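Quick notes on the structure that follows.
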Amino acid sequence: MTQSKGGGMTIKRSVLILLTAVAILFSGSSLLDSLTEPQFQSRLELYQTNLLLEATEWEPTDSQDQTFKTAQEAILGGTPLKAATEQYQQVRDSAEKNLAKANKQLAQLRSQPIPTSSVPTSASETTTTPEKLLRKSVQQIETSIAELDLRLGILQALQANIDAAKANWQKVAQNSAISPGYSDTAQVLLQIWSNSSQIAPDAPQIIKKNLSGWFSYQALKQLYQLQQQPEALATLKTSQQATAEQALVKLAAIATIPMLGGLIGVGLLLLLLGQRLIKGKESLLSQNAELAWNTPWDGETVLQVFIYGFFLMGQFFVPIVLKSLLPINRAAGDLRLQAVYVLISYLTVAVASLLVLYFSIKSFLPLSDDWFKFKLLDNWLVWGLGGYLTALPLVVVVSLVNQQIWQGQGGSNPLLQLALEAQDEVALGIFFFTAAIAAPIFEEILFRGFLLPSLTRYIPVWGAIGLSSLIFAAAHLSLSEVLPLTTLGIVLGVVYTRSRNLFASILLHSLWNSGTLLSLFVLGSGSS
């Protein structure tokens, strides 16, 4: 019986080791794949650029007010058109690289022999699913490049670089197969900036349909001036002034609030470091700094929780079950359906993972009081808010360095793009619940409540904070997010180990995600 039990334990351990290797290979492969994917930051910067361009059109009643001019230049910069042109050109260059990559993959796929079993049986099955997906990706990138060329041309034309503008529009006009609407718009723009007397009668409708925000305004403004329509021009300018004022307020909010929080965070950091130097082990930063948890389980239990719970449930079991049981496609066009799918997926993974955690440590219950501690009557509000403020400058600095390393590549969390486009209050509310409530609770229980303390059985507390933060960052499967999320994870770890209260790290995590979502909503509510 003893031998049989030992054999059973050996099989169990062997399976766990094998699955751990698979998880490492899968995660490593996903991280490497993200290397060639565009960062969400590039798209986010375009939204902010569009908002900035709209704000440049705001004119106060007293245009000679020096205070206004100084404030406007501080917010918008001295050369907003030049900065916007450079930003759009960078995004276009990145899109060209992605198009070349997609075309190469498509060519490789087409060059592969098709198995006999895959030969289509009807005309509707003449293209394999992978090829359809790649072709769709190529078409989307080509359409995006056409849109970028239209906008780049307007930016160039307004800086008296008419030849470059016309060259961009000519490329779009000559490729009507990609997007007939953009092709028609390019033709109209060429006519307008060539001062043509023969402009399409439906030019305003074409511009409004295929251009938005500041770009639509500039094209219509040029058209009405050329056609000498003062009433239409006056109405356009009045409407744009209201939009520009709103854009300026949004930009001020986006820039001022985080900057103010960051300055307070820098002050807190300096105060905490100064206190650490003066008071030593009696300082706040030294509170519980070396106090490890009494961990009754070993590393095998930790692996079991993350491999069976987080990895298998999150990457395989839950997606397969949801795909077979729910008639909701995450790639569907309805944003509310996508939001619901994301929420259901996340909650299912969270519940499944926490159940695996519970049954893995059930035999060790009851645990000592410092495990999974939720203490409402405590100073967790101070630790959570203070941790958020100190995380702001640290993560911002690391993110700036990170952008230089990855140069717009490295992938991003797809939820961010969905949230940016969620101008539907219901969809936004669902995304907010997922990111600002469900995610902090689940991830803090798993990474700070379980993983970090478990690691203190083998390494010091500071090492457990660092290692758990790196695993937390890598679990998001985007190379471009590893450094910023590791930094955030370290702050979360410090807050939790010092406060010994999961409410503190959950609050910090929730504030961080909430701030990100609100910024995305403000940017997304402007012109895209």
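Looking at region 234-322, the accessible area is 58 square angstrom per residue; that uses a 1.4 Å probe and ignores ligands, DNA and RNA. Partner aspartates and glutamates whose Cα lies under 20 Å from the Cα of Lys104, excluding those fewer than 8 positions away in the same chain, are identified as Asp33, Glu37, Asp93, Glu96, Glu131, Glu142. Classify region 286-405 as rounded, prolate or oblate, taking a ≥ b ≥ c as the square roots of the eigenvalues of its Cα gyration tensor: rounded when a/c is under 1.5, otherwise prolate if a/b is larger than b/c and oblate if not. Oblate. Here the translational diffusion coefficient of region 227-269 follows from Stokes-Einstein with Rh set to the Kirkwood radius across Cα pairs; for 25 °C and 0.890 mPa s it amounts to 190 µm²/s.
Compared with the direct C-alpha span, the chain from Thr20 to Lys209 gains 62.9 nm at full extension, assuming 0.36 nm per residue. Percent of Cα pairs in region 452-528 per distance bin of 10 Å, from zero to the largest separation: 19, 41, 28, 9, 3, 0.
Here the Kirkwood formula puts the hydrodynamic radius of region 197-288 at 17.7 Å, using every distinct Cα pair. In straight-distance terms, cross-link reach from Lys209 covers every one of the lysines whose alpha-carbon lies under 18 Å from its own, apart from those fewer than eight places away in the same chain; here that gives Lys221. The coefficient of translational diffusion for region 134-175, derived via Stokes-Einstein from the alpha carbon Kirkwood radius under 25 °C and 0.890 mPa s, stands at 232 µm²/s. One decimal place: the segment Ile11-Ser194 gains 58.2 nm when fully extended, by the rule 0.36 nm per residue minus the C-alpha distance.
For the listed residue pairs Lys82/Lys171; Lys101/Lys171; Lys97/Lys237; Lys136/Lys250; Lys12/Lys101; Lys171/Lys237, the alpha carbons are over 32 angstrom apart in Lys97/Lys237; Lys136/Lys250; Lys12/Lys101.
If you take every residue apart from Asp369 with its C-beta less than 12 Å away from the C-beta of Asp369, what net charge results, scoring Lys and Arg +1 and Asp and Glu -1? Counting the neighbours of Asp369, the net charge comes to +2. Full extension of the chain between Gln275 and Ser324 yields a length gain of 12.0 nm, computed as 0.36 nm times the residue separation minus the alpha carbon distance.
Shape call for region 150-230 from the C-alpha gyration tensor, a ≥ b ≥ c root eigenvalues: rounded (a/c under 1.5), prolate (a/b greater than b/c) or oblate? It is rounded, given that a/c, with a ≥ b ≥ c, falls under 1.5. Note on region 239-323: percent of Cα-Cα distances in each 5 Å bin, starting at 0 and stopping at the bin with the largest distance, equals 3, 10, 8, 8, 7, 7, 8, 15, 15, 9, 6, 3, 1, 0.
The values are calculated or read from the model by the stated rules, or taken from the named source; none is laboratory data. Bear in mind the structure is a predicted one, so any value in this text is a computation, not a measurement. All Cβ positions, even for glycine, are placed from backbone atoms using ideal geometry, and neighbour counts span all protein chains on display. With ligands, DNA and RNA removed, areas are computed over all heavy atoms of the protein, side chains included. Shrake-Rupley method; radii C 1.70, N 1.55, O 1.52, S 1.80 Å.
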